[in-house]
Amino acid sequence: MPPAFYATYGDRGPTVDLYGLTGAIGWFASGDFEEWEELDPALQPRAIGWRTGLATYLTAQLT
């Protein structure tokens with residue numbers, strides 16, 4: 001979780017981080033992003049940016 005989360009809610013320990021990480025992995029692997037290819041062309045860059053950001057987050061957490 002980002003520092004702002006802990007500043008607001010206090011320390012929740014590693015369980016919160018694990019929950020967020022497994023949720024992100026589940027979402028990334030769900031196939032939802034495949035449907036985004038059918039979005040209006042004007043919205044596709046936003047969807048691709050979101051997917052890329054999620055992949056970057058997961059890569060940083062797993063290395």
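Throughout, read-outs are computed from the coordinates displayed, never taken from laboratory work. Keep in mind it's a predicted model, so treat the numbers as computed, not measured. Here Cβ is always computed from backbone atoms with ideal geometry, including for glycine, and neighbour counts include all displayed protein chains.
Is it possible to state the helix-based mean residue ellipticity at 222 nm for the chain, with each DSSP H run of 4+ residues giving -39500 (n - 2.57), the sum divided by total residues, to the nearest 500 deg cm²/dmol? What is it? If you can, show how the numbers build up before the last one.
On the way: 4 runs with 45 residues, N = 63.
The helix contribution divided over the chain gives -22000 deg cm²/dmol.
Take the Cα pairs of the chain, get the Kirkwood Rh, then feed it into Stokes-Einstein at 25 °C and 0.890 mPa s and tell me D in µm²/s. Write out the running numbers ahead of the final one.
Values: Rh = 13.3 Å.
Result for D is 185 µm²/s.
Can you figure out the FRET efficiency of Leu43 with Ala4, using R₀ = 30 Å and their beta-carbon distance, to the nearest 0.05? Numbers along the way, then the final one.
On the way: r = 27 Å, r/R0 = 0.91.
Step by step, r from the Cβ atoms, then E = 0.65.
Going by how many other beta carbons lie within 10 Å of each one, how would you line up Leu21, Leu62, fewest first?
Values: Leu21 16, Leu62 8.
Least crowded to most crowded, the residues run Leu62, Leu21.
Return one number: the angle in degrees, 0 to 90 and rounded to the nearest 10, between the long axis of the Cα atoms of helix 14-28 and the longest principal axis of the Cα atoms of the chain.
10 degrees
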